[in-house]
């Protein structure tokens, strides 16, 4: 087993968030806030910084990390639960292009995932995505199949649901109709059950390398 110290963070986080899911209240969280900050948030920030360096080297593109706050914005939500029972982070290219693919990481009870793709597309960015699907859809489909075979990855459900119909001007029987209906395209790959053998950093990097065929389909052609 190759320990990098983040096993403790994962174990603590998954246990903490399992309890938080059943006790999502301020009076439960506040006495445990120091534990969250010391044992989950701060190690998570270090992990995000390390992966930013690794992803930048892997892709040849500088990436910056972001660790999401535990606090939910409940202003416009029917669900008034104040906290997010998971640890989420992302790595975004320094390139400000809306269609530059980003990487995601999720740690939740029973879940460790690495994701990558383009999400929440609107306006000109969505139009460009559809042109890309129309032009490079075969390449994208091949890359997705390769990533799935290597990692067990599936399509992410993050963001707006797909359209019911293929958008104009594309025909309803377009060979990549399902991709055209989407307002973003990302894949989420679970870390293997044996991730502790490589350590969290090593196992996450292994998944990132396996997802590079799709990254190149985005980066080189989108």
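Laid out as a table, the results:
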| item | result |
| --- | --- |
| Kirkwood hydrodynamic radius of the stretch 1-68, Cα pairs, Å | 13.6 Å |
| Debye intensity ratio in log₁₀ form over the Cα atoms of the stretch 97-219, taken at each q of 0.12 Å⁻¹ | -0.45 |
| Length-normalised contact order for the stretch 1-139 - Cα pairs under 8 Å, 6+ apart - percent | 21 percent |
| Structure-based [θ]222 nm, the chain - -39500 (n - 2.57) summed over DSSP H runs of at least 4, per residue, nearest 500 | -14500 deg cm²/dmol |
| Candidates 101, 85, 175: whichever shows maximal mean-square fluctuation once the chain is modelled as a Gaussian network with Cα springs under 10 Å | 175 |
| Rounded to 10°, Cα long-axis angle of helix 6-22 versus longest principal axis of the chain | 90 degrees |
| Scattering curve values for the stretch 16-110, log₁₀ I(q)/I(0), Debye with Cα scatterers, q = 0.11, 0.16 Å⁻¹ | -0.40, -0.75 |
| Ranked 77, 56, criterion: other C-beta atoms within 10 Å, fewest first | 77, 56 |
| Square roots of five times the Cα gyration tensor eigenvalues for the stretch 6-221, Å | 32, 21, 15 |
| For the chain, built as a Gaussian network whose Cα springs stay under 10 Å, the top-fluctuating residue of 79, 197, 95 | 79 |
| Within a Gaussian network of the chain (alpha carbon springs, distance under 10 Å), most fluctuating of 130, 25, 75 | 75 |
| Cα long-axis angle, helix 42-59 against the chain (0 to 90 degrees, to the nearest 10) | 30 degrees |
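Where a number appears in this text, it was derived from the coordinates with a stated rule and is not lab data. Because the structure is predicted, anything quoted here is derived from the model rather than measured. Note that we place each Cβ from the backbone using ideal geometry, even for glycine, and neighbour counts take in every protein chain shown.
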